[in-house]
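K.L.:
What follows is a structure written as structure tokens; I'll ask about it next.
None of the figures in this text is laboratory data; all of them are computed from the coordinates on show. Given the structure is predicted, the values throughout are model-derived calculations rather than measurements. Note: ideal-geometry Cβ built from the backbone for every residue, glycine included; neighbour counts use all protein chains shown.
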């Protein structure tokens, strides 16, 4: 099974390969942005295995992140699962 996660671009570096820092609900990772040349700082992108594969609007990104957060909660006491 594959999983792609939405994140917000915080910083972009245009070198030989376009990369940037993307925030996933506060956790930041370096991501390849070569496949989304139109994306800019503040935009949301869908990231799969370190590559931003498409842009997504803010509302859709936040809804997806909310659903992911709900999946990680234990319904009996709302504590994060190990």
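K.L.:
Under a plain spin-label model, where a point goes 7 Å from the Cα along Cα-to-Cβ, how far apart in nm are residue 29 and residue 72?
P.N.:
Distance between label points: 1.1 nm.
K.L.:
With each pseudo-label sitting 7 Å past Cα toward Cβ, what's the residue 51-residue 3 distance in nm, one decimal?
P.N.:
So the label points at residue 51 and residue 3 sit 2.0 nm apart.
K.L.:
Measure of size requested: the Rg and Dmax of the chain, with Cα atoms as the atom set and Å as the unit; please supply both.
P.N.:
13.9, 49
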